[in-house]
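Accompanying notes for the structure given below.
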Amino acid sequence: MLLPLLLLLWMQGEGQWGLGRAERRLPSRCLPDSVKYRLEVPESVSVQEGQCVLVPCKNPDSRVNSMTVLSYWFEEGADTSHDSPVATNDLQRQVQDRTQGRFRVFLRTQPKNCSLHIRDAQKGDSGSYFFRVDSGSVQWSYCADLVSVKVTALTHTPDILIPGTLMPGRPSNLTCSVPWACKQGTPPIFSWRSAALTSLGPRTTHSSVLTLSPRPQDHGTNLTCQVMFPAVGVSVEQTVLLNVSGEYSAGYPSC
């Protein structure tokens, strides 16, 4: 009598507290036997707006061993026969307009790699997705392994580097950079605001240089670097106070 009671308590406990991989809910259009074959994939990933995220995915399914594999990622609830995927390496299949060029799966010659790469993440990308494979003899939707993608507001800010002390009449190169920005994303647009005498210097994909010619009256004034991510229309900025000190240099007569 004790053994059945313990078994019953264990089953109830699994139902209430067991939220592991095997206990994920089955979404719509997902048949009960979908749990027979599973992926190695996280339940959720998070990314800030305008940035990139990789959904790591490995397919241990022994049935998938062809060197040419067609891979698809669909939104939860999609009809894989009629609805457009969000990403695929199938050149004969049209993806959704909103994900065109932003969602990417890997090469056909990597049958075990089902990872999904998202760049220029948008708020509308938030949702759940599942993977499907077509390797000739095997056509299978791994809908039991939904991945939740959450796109949050962009909270990162630019870094402004001021080398050394700003001296009146001595030009200095200030650098604004966004080292956290995605290298695969659409390049950001930099802009500067300052009452001081400035000129733009060289820039890279993720940094901009401003040549500042400080004057005594620039001490304590604001200098702002704004970075806009055009793919999503989101801007962030950083403001610093200029600290101009020291002796005058040639070209700036004293008062």
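Please treat every number below as a calculation from the coordinates, not as lab data. Small disclaimer: the values here were computed from a predicted structure and weren't measured. Backbone-built Cβ (ideal geometry, glycine too); neighbour counts: all protein chains shown.
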So what's Rg/Rh here for region 26-152, counting alpha carbon atoms and using the Kirkwood radius for Rh? 0.93
Under Stokes-Einstein, with the Kirkwood radius over Cα pairs standing in for Rh, what whole-number D in µm²/s applies to region 102-214 at 10 °C and 1.306 mPa s? 87 µm²/s
The summed charge of the LEU154 Cβ neighbourhood (under 13 Å; Lys/Arg +1, Asp/Glu -1) stands at -2
At what distance in angstrom do the alpha carbon centres of region 197-240 and region 53-95 lie from each other? 43 Å
What ³J(HN,Hα) values, in whole Hz, does the Karplus curve 6.51 cos²θ - 1.76 cosθ + 1.60 give for region 98-106 when θ = phi - 60°, with x put for Gly and Pro? 5, 9, 4, x, 10, 9, 9, 9, 8
